[in-house]
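Everything on this sheet refers to the single structure shown next.
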Amino acid sequence: MPLLTLIVFTPLIGAILVALAPVREVRVLRGVSFGFTLLTALLGFLVWQDFDPNQAALQLTESRPWFELPGALAVNFTLGIDGISILLVSLTAFLMPLVLLSASKSITTRIREFLVWLLIMEAGMLGVFLATDIFLFYVFWEVSLVPLYFMLGIWGGERRLYATLKFFLFTLAGSLVMLVGVIALVYLSGTLDIAALTQWAGTQTLEVQGWLFAAFALAFAIKVPLLPFHTWLPDAHTEAPTAGSVILAGVLLKMGTYGLLRFGIAMFPLAALEASTLFMILGALGIVYGAFLAMAQTDVKRLIACSSVSHLGFVVLGMFALTGAGLRGSVLQMVNHGLSTGLLFLLIGMIYERRHSRELADYGGIAKVMPLFALFFVFSVLSSVGLPGLNGFVGEWLILLGAFEASPVLTAVSVTGVIFGAVYLLRATRLMLFGEISHTENKTLSDLTPRELGVLTPICLLCLVIGVMPGPFIQRTEASLAVIEQRLDAARDQQAARVELDLPDDQEAESAR
Amino acid sequence: MDTTIAESGQFWPWLIPGLPLMGALLTGAMHLAGLRRPKNGDKATSEPLAASIAVLAMAAAFAFSIKGFLALRGGEANILSTRYDWIPTGDFTVTWSLMIDHLSSLMTLVVTGIGLLIHIYAAGYMKGDAGYAKFFAYLNLFVAMMLMLVLSDNMVGTFVGWEGVGLCSYLLIGYWYKDGWRAQAAQKAFVVNRIGDAAFLLGMFILATTLGSLDYSSINSEASLLAKPELPWRLSLAALLLFGGACGKSAQIPLFVWLPDAMAGPTPVSALIHAATMVTSGVYLVVRLNPLFAAAPLVLTLIGAIGAATAFVAGTSALRQRDLKGVLAYSTVSQLGYMFLALGVGAFSSAIFHLVTHAFFKALLFLAAGSVIHGMNKEQDMHKMGGLKAHMPKTCLTFIAGAAALSGLPLMSGFFSKDEILAQAFAGGGVSLILWAVGLVTAAITATYTWRMVALVFFGKERFDKQSVHPHESGALMTTPLFVLALLSVAGGILGLPIVFHTPHILGEWLAPVVEPGQAILAAAHNGHLSHLAEWILLGLGAMIALGCAHLAFHAHRQGTQSDLAFETKNPELALSLSNAWGIDRAYQVMLVQPVMTAASAISTLFDLALIDGAVNGLGRFAQRLGERVSRQASGHLGAYGLTIGGAACALAAIWMWIGA
C-alpha cells in the first residue's frame, strides 16, 4: 500500500470533495471534512506503526516520474519518511481532526472555503515533511503557505489585513531566498533527490556549503521565526482564527526548524559547524527576548505568540549545539511545543468564543465559573513551562543538556527562560483565572462543553505520555540523528585537518616574505 | 557509602509514592465528578469518602515505609526498585528508579508519618470547604511528589519530585484563589522556587557532563575519588549551583522571601509543606550528596554562613510578627537556617536530626495554630487573641509542648537537636565559632519569640470581640493528631542524646552509612572533638539561655500588647523593618522585579515595536513610495521615456566597458 501517497492525498481528495459537493448543509460539509482528517490521522497511525526505528535511511519510500526539467533533470514525485520527519508527520495527522473539531463554532462565515483551505493546508504540510525531491518539497512548501494567507485574511481579527500582508511578505522573502538556494543547489549538483543532494553537499568545500547554507538557513530562520525576523509572528498569531493559530504554532513553524535540520545541518555539516555559535546565540537571545516580550503583553493571545518565539529559541539552541542530546531534544521539542502551545491557543480560542476579548484585564476569577477550563489551562501552562513529568521537560532537559556540552555560558543564559516562562505564564494564569470576578459578564460564562473536552483531552494525554515515557518517540528519531552526528563528526575531523594544514601554509607564506 | 546493590529491583517500593498518587487521582476524580453535579449536590456524603481515601492512601504508604525501615534494620542492603527507562540521552539513560537506604527510609517515615497525622487533622479542618475533595487530591499529590523526591536513586527523579512539590505548593497556597493576594503569593512561591530550580538544572548539567551519570551512588563515589587538593573547580561550581536550588526550596537567603507569603494556604498545608517536609528537601539534597559537598569546602563554608545569617535574620523578624502564622513562618525559615548551619560545619546527621525534631514540633505548632484560628473564626492577629487557655485547653497544652520543643527548653526534642548543632559548630573551631555565636544568639531570640507568642495567644486578658468571636475547642479529629505530635515533640530527643549521657545516638548510628563518605573527606580537613566538660558547659549554657529568655518573654507579654506597642512607639522604623524581614522583600521588588518588568515593556514597545518592527514597516513604506515614484515615471510623455532609455543605455554601456576593462 502506498501509504505516504495516500496520507498526502487523502486530505486533498477531501478538499476537492468538499469544494465541489452539491450540498449546502454545513453539518454535512463539516462531517465530511472531519472524516477525511480522521482518515488521515488513521493513516498517520499506520505510518507510526510501520516505521522501523532501527533504520536510518528513508523508508516507506515511493517514487513516480513526474516531468523533466530542461537539462534532462527528472523531477520525481518521491515520498519517504525518516527519523527527522516521523514525529512531525504524526503530529500533523494527530492535530488536524482536533483543530477541525475545535473550529466548528468559531467559524460561521464562508465555512465551505474554510474547510477546503484547512484540508489543502494539511496536504501541503504533510507533503513538506514527506517530500524527498527538492522540487516537490518546494511545491509543497508554497502550497502550505497559501491557505494560511486566506485564513488570516478572511477569518482573522481586526488588524487582519496588516497581519496578512506582513505574513505574506516575510514568507515570500524567505521563499525567494530559498528558491535561489534550490536553483543553485540543483544547478551545481545536477540532481533533485534530497538524499543524493545531501551526499553531494557533504563533499563540498566550506565556501560552497556556506553560501548554500546561508540561503536555506535565512529562509528557514524567517519561518521559525528566529530573532530578528520574528515580528510577523505575534501579529499573525493574534489575528488568525483559533484554527489558524493552532496550526501555525503546531505545525507550520516546525517547517522552519525541520528545514534547518534537514537542509541546514544534515546537508551542510561544515557550514553548520561554522554557524553553530551564531545560531546558538540567536536561540539563546530568542529565549530571553521572547520571554521579555511575553511579560509585557496585555493581550493573552499575543502573550502566547511571544512565548512561541521563546520556546522556538530552545529548539534552535538545542539543534545547533550539534550534540546528540541537543539534536534529540530539539526534534522532540518541536512536537512538544506544538502540543502545549496548541493547547494554549485552543483554550484561548474557547474563552474568546464566549467572551470576545483577548485582554487579560477583561478576565479574572473565571476559575470559579469555569473550573474545567481552569484545570486544562493550568495543565497546559505546566506543560509549556516544562514541569517534569509532562512533555515539555523531556525536550528542555535534552536541549539544555546538549547545549551545555557545547556552550555552558549560553546554556546558563537560556536557563533563565525556565524562570521567565513561569513568570509570564503564571501571571497570565493568575490574571485570568484567579481573584474575584471583577466583570459581571464573566459571572455567567459556561464551562467547557463535551466537544471541547474531546478536543483537549487527547492532546493532554499525549503530553502526559511523552512526559513519562518519551522512549518510543525519541527512539524513532535516533537512527537518523545518529547519521547526522556521524556527518558532523566527519566534518569536525575535516575542520581540524584544515586548521592543521592552514597553519604551516601561513607560516611558510610569512617566512617567504 | 554502603552501596551493595540487590540483584534485581523489587516493585513494592513504587507503592510508597504510588499509593498517594492513586489517592490523588481518585479524590481528583471525585472532585471532577462533583463539578458535573448541580450546586446543591450531596457534599456531605462525599466528604468522608474523600477524606478516607486520602487518609487510607497515606496510611498504606506509611505501612510500606515501615516495611522498608524494618528490612533495613534487619540488616538488608539498600532496597532497589524496578527500573523503567525514562529519557535516553545518548550518553546515558535517565531512569525511573527508587532506592530505599538509611536516609530515604528515614525521610519516608517522616513524610508519611507526619503526613498521615496532618491528613487526619485536615479531614476535620477543611470540613465544609467547597473544594474538599480537591484539597485532598492536592495534598496526596504533594506527598507522592515528596516521596519521589526522597526515594529516587538519581538526581533527575529527585528533580521530578522537587518541581512536583513546588507545583503542589503553588496549587495549595493559591487554594483559596478567589483572594487575589493568595494567588499572588502562590505565583511568587513558584517563581522564586524556579530560580532555585534553574540553578539545580545547571548543577545537574555540570555533574552529568563531568561524571557521565546522575545516579547518586556513582556521583558520591566519584566525588570521594575527586576529593583531593586538585579538585576540579567544576564540581565545586556544581555544588554551589545545587545549593542555589536548595536555597529556593528550603527558603534560605537570598531566596527565602516566598515562604512567609506561603502562609496564605490553609493551615494543614503550612504544617505539612511549609514546615515539616517540602522546605527540608534542600537539607535532604545536601546530605544525599554529602561527599560532593564535603569535597567543596568553600561551598560548605558558604552554606554555613548563609544558614547562620538566615537563622538570625528570620529569627529577629519573627520577634515582631503580629500574625500567629507569620511568627511560625519566620521561625521555620530560621530553624531551616540552623539545619544549613549544621551542614556548613559538616554535621550532616545533626542537620537531619534537627530536621526530624523540627518536623515534629513545627507541624504541631502549625496544627495547633490552625486549631486556634479555626476556633477564633479565622482570626490570625495575636493582638486580638489572649486568654484562650480557658477556651481551648487541649490546643493550649499541645501548643505549649511544641513551644517548649522549639525554644529548646531542657530535655525537649528541640533542645537536643539544636544543642548538637551548636556543639558541632563550637567543636569546629575557627570560622565555625562565629557560626556558633550567631546560633547561640538566635537560640535566645527563638525562645523570646516563641514564648511571646504563647503568652499573647493563650494567656492574659481576652482581647477579642466577644460578641462576634466565640472561641471553642476543635473536634477530636483535629486534637488527636495534636497529642501524638506533642508526644513526639517532647520525647523526640531520645533519637539523639548527647554523648555525655552515655547512651547510643540512635539517629547518628542509623545515618552513619550515608554520611560516612562525606565525614571521611572532612576528617582530613579538621577534626574537633569536645571534652565532656565542654559539652556539659554548652548544654548548660543552652538550657540557661532558653529558660531565661522564655521566662522574660513570657512575663513581658503576659500583660497583653503593651510591651509590643511600647517597642513600636519607641522604635517605629526598626519595628517596621524587622517585621518585613529587614525589608529584603521590598528591596527585591524595587531592585529586581520592577526593573525586569520595566525592561520587558521597554523592549516590547521601544525595541521590538519601534525599532525592529519599525524597520520592517519602514521597508514596506519605502517600497511603496518607490513604487509610486516609479509609477509616476510612466507618464505617457514619449520624450521622458526616450530620455530614460537613452540614459540607461549609456549607463549600461559604461558599466560593461568598466567590467571589460
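Scanning segment A:394-428 for residues that are of a type in the set (S, T, N, Q) and more than 8 Å from every other protein chain (Cβ to nearest Cβ), which turns out surrounded by the fewest Cβ atoms within 10 Å (Cβ to Cβ)? Let's see the steps before the verdict.
Of segment A:394-428, the ones of a type in the set (S, T, N, Q) are A:407, A:411, A:414, A:416.
With more than 8 Å from every other protein chain (Cβ to nearest Cβ) added as a condition, the list becomes A:407, A:414.
Working: A:Ser407: 19, A:Ser414: 28.
The qualifying residue surrounded by the fewest Cβ atoms within 10 Å (Cβ to Cβ) is A:Ser407.
Only one of B:Gln633, B:Gln594, B:Gln559 is surrounded by fewer than 16 Cβ atoms within 10 Å (Cβ to Cβ) and within 14 Å of chain A (Cβ to nearest Cβ); which? Break it down into steps so the answer makes sense when it comes.
Details: B:Gln633 fails: within 14 Å of chain A (Cβ to nearest Cβ); B:Gln559 fails: within 14 Å of chain A (Cβ to nearest Cβ).
Being surrounded by fewer than 16 Cβ atoms within 10 Å (Cβ to Cβ) and within 14 Å of chain A (Cβ to nearest Cβ) holds for just one of B:Gln633, B:Gln594, B:Gln559, which is B:Gln594.
B:Thr108: more than 14 Å from every other protein chain (Cβ to nearest Cβ), surrounded by 20 or more Cβ atoms within 10 Å (Cβ to Cβ) and within 25 Å of B:Gln10 (Cα to Cα), yes or no?
Yes.
Looking for something surrounded by fewer than 24 Cβ atoms within 10 Å (Cβ to Cβ), part of a helix (DSSP H, G or I) and at the interface with chain A (Cβ under 10 Å from one of its Cβ atoms) - is there at least one such residue anywhere in segment B:169-179?
Here is the first cut: in segment B:169-179, the ones surrounded by fewer than 24 Cβ atoms within 10 Å (Cβ to Cβ) are B:171, B:175-179.
Next, from what is left, pick out any that are part of a helix (DSSP H, G or I): B:171.
Remaining after also requiring at the interface with chain A (Cβ under 10 Å from one of its Cβ atoms): B:171.
Yes, segment B:169-179 contains at least one residue that is surrounded by fewer than 24 Cβ atoms within 10 Å (Cβ to Cβ), part of a helix (DSSP H, G or I) and at the interface with chain A (Cβ under 10 Å from one of its Cβ atoms).
Name the residues in segment B:129-144 that are part of a helix (DSSP H, G or I) and either facing chain A (nearest Cβ under 9 Å) or more than 27 Å from B:Thr93 (Cβ to Cβ) (or both), would you?
Selection gives B:Tyr132, B:Ala133, B:Lys134, B:Phe135, B:Phe136, B:Ala137, B:Tyr138, B:Leu139, B:Asn140, B:Phe142, B:Val143.
Here is a list of conditions, (1) assigned to a helix (DSSP H, G or I); (2) modelled with pLDDT under 90; (3) surrounded by fewer than 23 Cβ atoms within 10 Å (Cβ to Cβ), and B:Pro471 meets all of them except one; can you say which number that is?
With respect to (1) assigned to a helix (DSSP H, G or I); (2) modelled with pLDDT under 90; (3) surrounded by fewer than 23 Cβ atoms within 10 Å (Cβ to Cβ), B:Pro471 is out only on (1).
If we scan segment A:90-110, do we find a residue that is in a loop (DSSP other than H, G, I, E, B), surrounded by 17 or more Cβ atoms within 10 Å (Cβ to Cβ), β-branched (Val, Ile, Thr) and at negative phi? So that I can check it myself, show each step before the final result.
From segment A:90-110, those in a loop (DSSP other than H, G, I, E, B) are A:107-110; that's our starting set.
Restricting the remaining residues to those that are surrounded by 17 or more Cβ atoms within 10 Å (Cβ to Cβ) gives A:107.
So of that shortlist, the ones also β-branched (Val, Ile, Thr) come out as A:107.
Applying the additional criterion that residues be at negative phi yields A:107.
Yes, that holds for at least one residue.
In segment A:481-492, is there at least one residue being under 30 Å from A:Pro97 (Cα atoms), more than 10 Å from every other protein chain (Cβ to nearest Cβ) and aliphatic (A, V, I, L, M)?
No: segment A:481-492 contains no residue that is under 30 Å from A:Pro97 (Cα atoms), more than 10 Å from every other protein chain (Cβ to nearest Cβ) and aliphatic (A, V, I, L, M).
How do the pairs read when you match residues in segment A:355-374 that are within 11 Å of another protein chain (Cβ to nearest Cβ) and of a type in the set (D, E, K, R) with residues anywhere that are part of a loop (DSSP other than H, G, I, E, B) and surrounded by fewer than 17 Cβ atoms within 10 Å (Cβ to Cβ), using Cβ under 8 Å and keeping only pairs 6 or more apart or on different chains?
A:Lys368/B:Lys178
Can you go through A:Leu346, A:Leu285 and tell me which one is among the aliphatic types (A, V, I, L, M), touching a Leu at 6+ places or on another chain (Cβ under 7 Å) and away from chain B (no Cβ under 14 Å)? Walk me through how you get there before you give the answer.
Details: A:Leu285 fails: away from chain B (no Cβ under 14 Å).
Checking each option against the conditions leaves just A:Leu346.
Between a first residue in segment B:248-276 that is without any contact (Cβ under 8 Å) to a residue 60 or more places away in the chain and a second residue that is of a type in the set (Val, Ile, Thr), which pairs have beta carbons less than 9 Å apart while being 6 or more apart in sequence or on different chains?
Close Cβ pairs (under 9 Å, with a partner that is of a type in the set (Val, Ile, Thr)) amount to B:Gly248/B:Val192; B:Gly248/B:Ile195.
Taking the criterion of being in a helix (DSSP H, G or I) and surrounded by fewer than 22 Cβ atoms within 10 Å (Cβ to Cβ), would at least one residue in segment A:125-132 satisfy it?
no
Would you mention how many residues in segment A:414-464 are over 18 Å from B:Gly180 (Cβ atoms), β-branched (Val, Ile, Thr) and either touching a strand residue (DSSP E or B) at 6+ places or on another chain (Cβ under 6 Å) or part of a loop (DSSP other than H, G, I, E, B) (or both)?
Final tally of qualifying residues: 1.
Restricting to segment A:72-86, and then to whatever is of a type outside the set (Val, Ile, Thr) and within 21 Å of A:Met334 (Cα to Cα), can you tell me which residue is surrounded by the fewest Cβ atoms within 10 Å (Cβ to Cβ)?
Quick first cut of segment A:72-86, residues of a type outside the set (Val, Ile, Thr) only: A:72-74, A:76-77, A:79-80, A:82-83, A:85.
Those left that are additionally within 21 Å of A:Met334 (Cα to Cα): A:80, A:82-83, A:85.
On the way: A:Gly80: 20, A:Asp82: 24, A:Gly83: 26, A:Ser85: 26.
Here the answer is A:Gly80.
For the list (1) in a helix (DSSP H, G or I); (2) in contact (Cβ under 8 Å) with a residue 40 or more places away in the chain; (3) assigned by TED's automatic domain parsing to the domain that holds B:Ala455, I need the number of the one condition that B:Trp536 fails.
Of everything listed in (1) in a helix (DSSP H, G or I); (2) in contact (Cβ under 8 Å) with a residue 40 or more places away in the chain; (3) assigned by TED's automatic domain parsing to the domain that holds B:Ala455, B:Trp536 misses just condition (2).
I'd like to check something: does segment B:30-39 contain any residue that is over 30 Å from A:Val483 (Cα atoms) and either away from chain A (no Cβ under 14 Å) or among the small types (Gly, Ala, Ser) (or both)?
Yes, there is a match, as at least one residue in segment B:30-39 is over 30 Å from A:Val483 (Cα atoms) and either away from chain A (no Cβ under 14 Å) or among the small types (Gly, Ala, Ser) (or both).
Given B:Ala610, B:Ala599, B:Ala615, which one is within 13 Å of chain A (Cβ to nearest Cβ), in contact with a helix residue (DSSP H, G or I) (Cβ under 8 Å, 6 or more places away or on another chain) and either at pLDDT 85 or above or part of a helix (DSSP H, G or I) (or both)?
So the residue among B:Ala610, B:Ala599, B:Ala615 that is within 13 Å of chain A (Cβ to nearest Cβ), in contact with a helix residue (DSSP H, G or I) (Cβ under 8 Å, 6 or more places away or on another chain) and either at pLDDT 85 or above or part of a helix (DSSP H, G or I) (or both) is B:Ala599.
Scanning segment B:189-217 for residues that are over 30 Å from B:Tyr175 (Cα atoms) and aliphatic (A, V, I, L, M), which turns out farthest from the other protein chains (Cβ to nearest Cβ)?
B:Leu211
Name every residue in segment B:230-263 that is out of contact with any helix residue (DSSP H, G or I) (no Cβ under 7 Å at 6 or more places or on another chain) and not in a loop (DSSP other than H, G, I, E, B), in order of residue number.
Within segment B:230-263, just B:Trp233 meets the criteria.
Based on what the data block shows, is B:Ala223 at pLDDT below 90, farther than 22 Å from B:Phe361 by Cα and in a loop (DSSP other than H, G, I, E, B)? Steps first, answer last, please.
Values: at pLDDT below 90: yes; farther than 22 Å from B:Phe361 by Cα: yes; in a loop (DSSP other than H, G, I, E, B): no.
So B:Ala223 fails the test.
With (1) within 14 Å of another protein chain (Cβ to nearest Cβ); (2) surrounded by 20 or more Cβ atoms within 10 Å (Cβ to Cβ) as the list, and A:Leu169 as the residue in question, which single condition is left unmet?
Every listed condition holds for A:Leu169 apart from (2).
Looking at A:Gly349, A:Gly342, A:Gly338, A:Gly365, can you tell me which residue is farther than 23 Å from A:Val409 by Cα and touching an Asp or Glu at 6+ places or on another chain (Cβ under 7 Å)?
A:Gly365
If the Cβ limit is 6 Å and pairs must be 6+ apart or interchain, which residue in segment B:435-464 that is in the same structural domain as B:Thr332 (by TED's automatic domain parsing) pairs with which residue that is charged (D, E, K, R) and part of a helix (DSSP H, G or I)?
Cβ pairs passing all conditions: B:Ala455/B:Arg558; B:Phe459/B:Arg558; B:Gly460/B:Arg558; B:Arg463/B:Lys384; B:Phe464/B:Lys384.
Listed here are the residues, each with its yes/no results for (1) modelled with pLDDT of 90 or more; (2) under 28 Å from B:Ser317 (Cα atoms); (3) among the basic types (Lys, Arg).
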site: B:Tyr449; (1), (2), (3): yes, yes, no
site: B:Arg452; (1), (2), (3): yes, yes, yes
site: B:Lys461; (1), (2), (3): no, yes, yes
site: B:Leu488; (1), (2), (3): yes, yes, no
site: B:His505; (1), (2), (3): no, no, no
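From the residues in segment B:294-325 that are more than 16 Å from the chain's Cα centre (by Cα), in a helix (DSSP H, G or I) and small (Gly, Ala, Ser), which one is nearest to B:Pro572 (Cα to Cα)?
Residue satisfying both the conditions and the ranking: B:Ser317.
Residues checked against (1) in contact with a His (Cβ under 6 Å, 6 or more places away or on another chain); (2) away from chain B (no Cβ under 14 Å); (3) without any contact (Cβ under 8 Å) to a residue 40 or more places away in the chain:
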residue	(1), (2), (3)
A:Glu207	no, yes, yes
A:Leu233	no, no, no
A:Gly244	no, yes, no
A:Thr257	no, yes, no
A:Met267	no, yes, no
A:Leu293	no, no, no
A:Thr298	no, no, no
A:Ala305	yes, no, no
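The values are calculated or read from the model by the stated rules, or taken from the named source; none is laboratory data. Bear in mind that the values here come from a model prediction, so they are computed numbers and not experimental data. Neighbour counts run over all protein chains shown; Cβ positions are idealised from the backbone, glycine included.
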